[in-house]
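Take a look at the structure set out below.
Values quoted throughout were computed directly from the atomic coordinates according to the rules given, and no laboratory measurement underlies them. Since we're looking at a predicted model, the values are computed, not measured. Cβ placement follows ideal geometry from the backbone for every residue including glycine, while neighbour counts extend to all protein chains displayed.
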């Protein structure tokens, strides 16, 4: 996997970053981890000799936000001609062989430009599972349902860097939904899929970007959809209705709604999930 880079942005959170690095367990360690330190008060310093894979730290002189940090990392990765880039966030934990599973999937499916996976979301304080995502799996499913929802969990994706030539990079005009905008552009131009088995554990952090900016995130999503209308698609209207209702409904009531929509797995579905690769429906 020497042509794979793993992109991790970090800001004032080195302890969590170290836990994330320790979670990366792979049989093939030829990949490179690229950490973008987004102007932390205490710059990230990593002893690369502690890890079996290569690590490169890019230190930005001041905090510019996650979009700038991600695009800085992508620019560096593309300049070195890596063929694949995987995302991971500081504090989130990879499950063993996550990179190898996705890398092999992309090798075996040359038409697929991006592959993600389901993820388990855990409470940061109790370490208890809050929910497991239930994402569309096949390229046809992800393309259809991206109109209504984000079909990819950001820190689970691995993509071919070549797809960015057409899709572009993270759009600074849509802060807090930069991943949804980029993934929408990718699925509009190429195939993308998910692996059913959760490959990353994500922590719900009270101080995390997503929780702090929930309202701004919802409004940004509405603006993006209005700017890219699909008046003949019922799912476009469903997206607007869902996002508008989320502005009114208290956050604590959204998880039951996610279960009602089928966005998270039931206990029975979780017990049936096996480490499988997505296949196109035969119907």
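Overview of values
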item	result
Most mobile listed residue (158, 253, 114) in the chain, GNM with C-alpha springs under 10 Å	253
Spherically averaged projected area in nm², based on the convex hull that wraps the Cα atoms of the range 99-230	8.3
Contact order relative to length of the chain, as percent, for alpha carbon pairs under 8 angstrom and 6 or more apart	19
Inter-probe distance in nm under a simple model that places probes 7 Å from Cα toward Cβ, at residue 128 and residue 235	3.4
Spin-label model distance (nm) - residue 41 vs residue 63, 7 Å beyond Cα toward Cβ	0.9
Cα pair distances exceeding 16 angstrom across the range 37-103, given as percent	60
Among 156, 72, 132: highest mean-square fluctuation, GNM of the chain, C-alpha pairs under 10 Å	72
Per-q log10 I(q)/I(0), the chain, q = 0.08, 0.15 Å⁻¹ (Debye; single scatterer per alpha-carbon; no solvent)	-0.32, -1.25
Antiparallel DSSP beta bridges within the chain, percent to nearest 5	30
Taking 70, 218, 99 and counting other C-beta atoms within 10 Å, the order from fewest to most	218, 70, 99
Mean Cα-pair separation over length for the range 3-53, i.e. relative contact order, pairs under 8 Å, 6 or more apart, %	50
Estimated FRET transfer efficiency (residue 81, residue 248; beta-carbon r; R0 45 Å; 0.05)	0.40
Taking the C-alpha atoms of the range 132-174, convex hull volume expressed per residue in Å³	118
Ranked packing of 166-174, 12-20, most packed first, by mean Cβ within 10 Å	12-20, 166-174
Residue order, fewest to most beta carbons within 10 Å, for 181, 115, 34	181, 34, 115
The chain, helix-only ellipticity at 222 nm - DSSP H runs n ≥ 4, -39,500 (n - 2.57), divided by all residues, nearest 500	-10500 deg cm²/dmol
Likely footprinting exposure, 123, 191, fewest C-beta neighbours within 10 Å first	123, 191
